[in-house]
Amino acid sequence: MSNPRIIAGSARGIRLKAVPGDTTRPITDRVKESLFNIIGSDVINSSWLDLFAGTGSVGIEALSRGAGFTQFLDKERNAINTINKNLQSTHLSNRGKVIHIDSFDFIKGPPSRKFDYIFIAPPQYHGMWLKALNTLDANADWLAPNGWIIVQIDPVEYQEATSSNFTEFDQRRYGSTLLLFFR
């Protein structure tokens with residue numbers, strides 16, 4: 001698979017660097033374009049929390065399309081270095097903050113701000129998406145009123161989530177990728 005690219009906005013067409021090794025699974029351009037078509041102009045001035053950020057592709061796409069701020073989290077040093085390089089090459093570093101931390105540890109803590117969109121795309125087949133959703137459910141102040149949590153998983157990982165604070169309102173399948181939407 002080729003390196004992901006920025007599809008639209010100020011950094012349109014720029015190819016992002018991949019994280020060395022095989023620890024990440026970047027979102028395909030097709031899925032990312034579909035995701036941002038769903039969000040539409042609501043991306044303008046929005047804030048994003050990109051958990052398990054990998055290359056930073058989703059958060060950087062949001063910034064390119066006019067999001068006001070994205071916070072990127074990853075516990076892998078190679079991913080952090082890659083996100084920083086990708087932010088520099090797209091000239092979007094001034095609106096992104098990259099933190100080298102385990103996403104679970106971060107969202108267990110007190111919210112530093114509320115985010116309009118929280119994107120969860122953890123390593124596959126370990127149930128980590130559900131653990132992240134449950135952790136956010138226990139600390140729901142991370143999500144702004146009317147905000148969305150978006151989960152990217154392989155369809156075989158799906159199970160119905162029970163939550164006190166969030167409701168699944170949509171699912172979209174694109175081949176071997178399933179996007180889940182919660183509010």
What number goes with the only condition from (1) in contact with a Ser or Thr (Cβ under 8 Å, 6 or more places away or on another chain); (2) under 26 Å from ARG5 (Cα atoms) that ILE80 does not pass? (1)
What's the number of the condition ILE83 fails, among (1) at pLDDT below 95; (2) surrounded by 22 or more Cβ atoms within 10 Å (Cβ to Cβ)? (1)
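At pLDDT 95 or above and either assigned to a strand (DSSP E or B) or crowded, with 22+ Cβ neighbours inside 10 Å (or both): is that true of ALA11 in this structure?
Numbers: at pLDDT 95 or above: yes; either assigned to a strand (DSSP E or B) or crowded, with 22+ Cβ neighbours inside 10 Å (or both): no.
Judged against the criteria, ALA11 is not a match.
Per-residue answers, yes or no, for (1) more than 18 Å from ALA53 (Cβ to Cβ); (2) modelled with pLDDT of 95 or more; (3) surrounded by fewer than 20 Cβ atoms within 10 Å (Cβ to Cβ):
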position: ILE153; (1), (2), (3): no, yes, no
position: VAL156; (1), (2), (3): yes, yes, yes
position: SER163; (1), (2), (3): yes, no, yes
position: THR167; (1), (2), (3): yes, yes, yes
Based on what the data block shows, is ILE101 β-branched (Val, Ile, Thr), farther than 23 Å from ALA138 by Cα, touching a Leu at 6+ places or on another chain (Cβ under 9 Å) and surrounded by fewer than 18 Cβ atoms within 10 Å (Cβ to Cβ)? no
Would you confirm whether or not segment 21-40 contains a residue that is within 15 Å of PHE115 (Cβ to Cβ), of a type in the set (Asp, Glu) and surrounded by 15 or more Cβ atoms within 10 Å (Cβ to Cβ)? no
Top-ranked residue in segment 1-29 [being in contact (Cβ under 8 Å) with a residue 24 or more places away in the chain and of a type in the set (Gly, Ala, Ser); ranked as farthest from SER176 (Cα to Cα)]: SER10
If only one of LEU63, LEU73, LEU51 is buried (at least 18 other Cβ atoms within 10 Å of the Cβ), within 21 Å of PRO155 (Cβ to Cβ) and among the aliphatic types (A, V, I, L, M), which one is it? LEU51
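The values are calculated or read from the model by the stated rules, or taken from the named source; none is laboratory data. Keep in mind that this is a model prediction, so the values were computed, not measured. Ideal geometry is used to build each Cβ from the backbone, glycine not excepted, and the neighbour counts take in all protein chains shown.
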